[in-house]
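I have placed the structure first, in the form of structure tokens, so that the comments after it can refer back to it.
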């Protein structure tokens, strides 16, 4: 059964929050949809038999609703974690950046906890620098599978993506050094291939422009654009194509120096229509330098 994107967002929200009273205003606020769009979608989903409501006005997803969501299920998460983290020296001289603790918790744990909460069972971490230290994660997350990137010190992160090129279908690809405050950024279901971004009037960082919600240009610095965060999702078709394009890009002159994100958003952009999935202030944080780490966690400012 085909459902549109608005129906999908409402259905996914009810699947995660169902079995209770869900005011339309709350659904609208949580999904960032208009109240009118939510009202219309709820009526349509009830008519399609994908939602039901009992005498207490508690909304639940039906068996048919779960079947409608099944094609959108996220199958795995691939986490890129091989790099050195030069701008975080001296803390990264002895510890890989994803394993640095912020307020007592390793950075990558915020991502792994969100992945587990979403019910995504297959987790693949591509490691390189001080690779053996990542074994500590197995105590809490025993289902992690590791890939080792021997080129982490002589190539950009495209070499990590190359190792995982056959694992990108229906998959998240995440940078390991993102501090997640909003675990709902990682979901059990995704409607289309997308990249996480926060709207900014100006940024001097990696960002992208968008037209009608589709990424149109990848940039470093821009105005009225989306600050780029390293969390993306690739559906089955795009994930298969991406694996091929990563391999071809890596073999190009200068290909080893590219960031893996450039493959779909720049080098082979014509092969994709990647949506922007908006996030908001406080949802996620990049800690790029040791000075930024000291400001966030005073334990390092000693």
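Throughout, read-outs are computed from the coordinates displayed, never taken from laboratory work. Just so you know, these numbers come straight off a predicted model, no measurement behind them. Here the Cβ is made from the backbone with ideal geometry for all residues, glycine too, and neighbour counts use every protein chain on show.
Springs between Cα atoms under 10 Å define the GNM used for the chain, and in it the highest mean-square fluctuation of 177, 135, 261 occurs at 135. Rg/Rh for segment 1-97 (Cα atoms only, Rh after Kirkwood) is 1.26. Just checking the listed ones, 39, 94, 54: in the Gaussian network model of the chain with Cα springs under 10 Å, the one fluctuating most is 54.
For the options 118, 240, 37, a Gaussian network treatment of the chain with springs between C-alpha atoms closer than 10 Å singles out 37 as fluctuating the most. Note on the chain: helix-only mean residue ellipticity at 222 nm, from DSSP H runs of 4+ residues weighted -39500 (n - 2.57) and normalised by residue number, equals -8000 deg cm²/dmol. A straight line joining the Cα centroids of segment 206-249 and segment 1-47 runs 27 Å.
With the highest mean first, a sort of the peptides 98-108, 214-224 on other beta-carbon atoms found within 10 angstrom per residue produces 98-108, 214-224.
Seen against the Cα atoms of the chain and their longest principal axis, helix 35-47 is set at about 70 degrees. Shape class of segment 247-294 from the alpha-carbon gyration tensor: oblate, with a/c at 1.5 or above and b/c at least as large as a/b.
To check you understand DSSP bridge types, tell me what percent of the beta bridges within the chain (both residues inside) are antiparallel, rounded to 5. Counting only bridges with both partners in the chain, antiparallel ones make up about 60 percent. Given axes a ≥ b ≥ c from the Cα gyration tensor, I'd like to know whether segment 56-164 is rounded (a/c under 1.5), prolate (a/b larger than b/c) or oblate. Taking the square roots of the gyration eigenvalues as a ≥ b ≥ c, segment 56-164 is prolate.
Going by neighbour counts of Cβ atoms within 10 Å, the residues 204, 297 line up, fewest first, as 204, 297.
Can you give me the C-alpha center-to-center distance between segment 169-204 and segment 73-107, rounded to a whole angstrom? Segment 169-204 and segment 73-107 have Cα centres spaced 16 Å from each other.
Would you work out if the chain is rounded, prolate or oblate? Take a ≥ b ≥ c from the square roots of the eigenvalues of the alpha-carbon gyration tensor; rounded if a/c is under 1.5, else prolate when a/b is larger than b/c, oblate otherwise. Since a/c reaches 1.5 and a/b is larger than b/c, the shape of the chain is classed as prolate.
As I understand it, the value is the acute angle between the Cα axis of helix 107-117 and the longest principal axis of the Cα atoms of the chain; what does it come to in degrees, rounded to 10? Helix 107-117 sits at roughly 30 degrees to that axis. In this simple spin-label model, placing a label point 7 Å from the Cα along the Cα-to-Cβ direction at both residue 84 and residue 154 gives a separation of 1.4 nm.
Would you please give the FRET efficiency between residue 130 and residue 58, computed as 1/(1 + (r/R0)^6) with r the Cβ-Cβ distance and R0 = 35 Å, to the nearest 0.05? Efficiency computed from Cβ-Cβ geometry: 0.10. Considered as an equivalent ellipsoid built on the Cα gyration tensor, segment 1-51 has semi-axes of 15, 12, 10 Å, the largest given first.
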